[in-house]
């Protein structure tokens, strides 16, 4: 018995909910990459004659109230998804490093963003502003 046989036998089987989530992620990724190629169309083109009509060959998800294809609008919006997912770790770490209000293990969050002299709840005691 090799190492690969032991590690493969320890892996739990893919449950139904995990399989469904993997399939959904793959479908969204495929739609984001191939959607405009499968069914090209203008996501902002309006036709009031088609407003709120059901699915058809040109619009598999139907039309919204101004008569725009919901599928074309969804595919156009998902074009930005890979870029946003690629930028998220970089922007999240940059914002956390610059923002002093962001919680971190070295800097716990205060219960109130204002100083104790301001008018807010500070450790359960209502402070009044100093007017004079």
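Bear in mind that the values in this text are calculations on the coordinates, not laboratory data. Fair warning: this is a prediction, and the values are worked out from it, not measured in the lab. Glycine also receives a Cβ, built like all others from the backbone with ideal geometry; neighbour counts cover every protein chain displayed.
In this rough spin-label picture, where each label sits 7 Å from Cα along the Cβ direction, the residue 21-residue 85 distance is 1.4 nm. Per-peptide packing, taken as the mean over residues of other Cβ atoms within 10 Å, places 42-53, 61-72 in the sequence 61-72, 42-53 from highest down.
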